Amino acid sequence: VQLQASGGGLVQAGGSLRLSCAASGSMSSIYVMGWYRQAPGKQRELVAGIASGGRTNYADSVQGRFTISRDNAKNTVYLQMNSLKPEDTAIYYCNLQHPVLSSRTYWGQGTQVTVSS
């Protein structure tokens, strides 16, 4: 399975960006799709996840500002980011995780999001 992320960039505080991540290869819609981020000097953290049935979860820091969605027909996950803050600056990684087999996890290459104040 390969993941290709896109949509990062530079935006001013208060602005919006939409990230996309398309999965290719042998996979099914049962996988949980998610976004993580890693800021300089910090550990990678979960931003948002979405299960195959559409159930979502968010980090407290992005709740109400970010929205995750998925298109199972296209094997694509999206992250709509609104009201961006400088502290959202990080490399964002998409992730594919089998709900049962923990060893089946896949990562995209990362896309840079920079929010200027």
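Using Cα pairs under 8 angstrom and six or more residues apart, how large is the relative contact order of the chain, in percent?
36
Among 8-16, 93-101, how do they line up by average Cβ neighbours within 10 Å per residue, starting with the highest?
93-101, 8-16
Between rounded, prolate and oblate, where does the stretch 63-113 land on the alpha carbon gyration tensor, with a ≥ b ≥ c its root eigenvalues, rounded for a/c under 1.5, else prolate if a/b exceeds b/c?
prolate
So for each of 48-54, 19-25 I average, over its residues, the number of other beta carbons within 10 Å; can you give me the resulting order with the highest mean first?
Final packing ranking: 19-25, 48-54.
Just to be sure I follow: if Rg is taken over the C-alpha atoms of the chain and Rh is the Kirkwood radius over the same atoms, what is Rg/Rh?
That ratio equals 0.95.
Once you treat every alpha carbon in the stretch 1-66 as an equal point and sum by Debye, what is log10 I(q)/I(0) at q = 0.18 Å⁻¹?
-0.86
Taken together, the values in this text are just the output of simple stated rules run on the coordinates, not laboratory data. This one's a predicted model, so the numbers in the text were calculated from it and none came from an experiment. Positions of Cβ are generated from backbone atoms using ideal geometry, with glycine treated the same way; all protein chains shown enter the neighbour counts.
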